[in-house]
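Working notes, beginning with the structure itself.
The values are calculated or read from the model by the stated rules, or taken from the named source; none is laboratory data. Being a predicted model, the structure only gives us computed values, none of them experimental. We place every Cβ from the backbone using ideal geometry, glycine too, and count neighbours over all the protein chains shown. The area values use the complete protein model at the heavy-atom level, side chains included, leaving out ligands, DNA and RNA. Shrake-Rupley method; radii C 1.70, N 1.55, O 1.52, S 1.80 Å.
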Amino acid sequence: QQQVKQSPQSLIVQKGGISIINCAYENTAFDYFPWYQQFPGKGPALLIAIRPDVSEKKEGRFTISFNKSAKQFSLHIMDSQPGDSATYFCAASRENDYKLSFGAGTTVTVRA
Amino acid sequence: KAGVTQTPRYLIKTRGQQVTLSCSPISGHRSVSWYQQTPGQGLQFLFEYFSETQRNKGNFPGRFSGRQFSNSRSEMNVSTLELGDSALYLCASSTSGPSGETQYFGPGTRLLVL
């Protein structure tokens, strides 16, 4: 049973466009929500993370929006570049649980 | 600092065999987690170790086991391999654990079971 639901499964965006990936969770005990980026042949790497006391966090072209009441969070990639083509995973964890629960992943393709 | 290293990178086994995968965390990291990644199931948590103690275990059969050594290096073992065990096995390390801290992943070991 997936504790974090992620959509869409894949998306194609033109260079310079905005990519939006959405995630939803049920467990209100989750208190840490990271996004990981994975390129083929590599392990996932942390992109950006947020805690529920913040509604938005921005790092460069990447922004997380967090809606605690709706139990949803999303990743926005602004000015998408071909180098952003990768698979993106949202995840969640809670204190003293010692694991990350991952979404199913979204494959993003940025067309030049 | 050197990143997380996993050996071997690729492995081919046959059904019924057993396999041992190794993970060396980033220096100073005491938490090591293992995940199984498949196209159908995505990233599934296997187990997490901290200072040689298993703190959490995912929903995998007892054929999957692991351990951590005093130098924080970790191994996972899969016995009586099944075709469905074919996957990328990822190891991640951090200072104190996955809850609220950046996890640094290795490149993975790709296991193919024939």
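Summary table
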read-out: Theoretical FRET efficiency, 1/(1+(r/R0)^6), r = Cβ-Cβ of B:S51 and A:E95, R0 25 Å, to 0.05; value: 0.85
read-out: List of segment A:22-46 residues, accessible area with partners at least 50 Å² below that of the chain alone (1.4 Å probe); value: A:P44
read-out: Label zone at B:L11, where the point sits 7 Å out along the Cα-to-Cβ direction: segment B:38-58 residues whose backbone N lies under 16 Å; value: B:38, B:46-47
read-out: Spatial extent of chain B: Rg and Dmax, with the Cα atoms as the point set, Å; value: 13.2, 38
read-out: Solvent-accessible area lost in complex, 50 Å² minimum, residues of segment B:28-51 relative to chain alone, 1.4 Å; value: B:L43
read-out: Relative intensity, log₁₀ I(q)/I(0), of segment B:60-114 from a Debye sum that treats every alpha carbon as a point, q = 0.14, 0.18, 0.25 Å⁻¹; value: -0.47, -0.75, -1.13
read-out: Ranked packing of A:6-13, A:38-45, B:93-100, B:31-38, most packed first, by mean Cβ within 10 Å; value: B:31-38, B:93-100, A:38-45, A:6-13
read-out: Pairwise Cα inverse-distance average, inverted: Kirkwood Rh of the protein assembly as shown (Å); value: 18.0 Å
read-out: Cα→Cβ-extended label distance, 7 Å offset, between A:R51 and B:T80, nm; value: 4.5 nm
read-out: Residues of the protein assembly as shown: accessible area per residue with a 1.4 Å probe, Å²; value: 47 Å²
read-out: B versus A: buried accessible surface, summed, Å² (probe 1.4 Å, to nearest 100); value: 1600 Å²
read-out: Packing rank of B:15-28, B:39-52, where each peptide gets the mean count of other beta carbons within 10 Å, highest leading; value: B:39-52, B:15-28
read-out: Minimum 30 Å² accessible area buried by the other protein chains, segment A:97-112 residues, probe 1.4 Å, relative to alone; value: A:Y98, A:K99, A:L100, A:F102
read-out: Over 22 Å between alpha carbons, listed pairs A:K71/A:K99; A:K5/B:K13; A:K15/A:K71; value: A:K5/B:K13; A:K15/A:K71
read-out: In Hz, Karplus ³J(HN,Hα) per residue of segment B:51-64 (6.51, -1.76, 1.60; θ = phi - 60°; x = Gly, Pro); value: 6, 6, 10, 7, 9, 7, 9, x, 8, 10, x, x, 5, 9
read-out: Part-to-part distance (alpha-carbon centres) for segment B:16-80 and segment A:46-112, which is given in Å; value: 25 Å
read-out: The protein assembly as shown, accessible surface, carbon-and-sulfur percent (1.4 angstrom probe); value: 47 percent
read-out: Shape category assigned to segment A:17-101 from the gyration tensor of Cα positions, a/c cut at 1.5; value: oblate
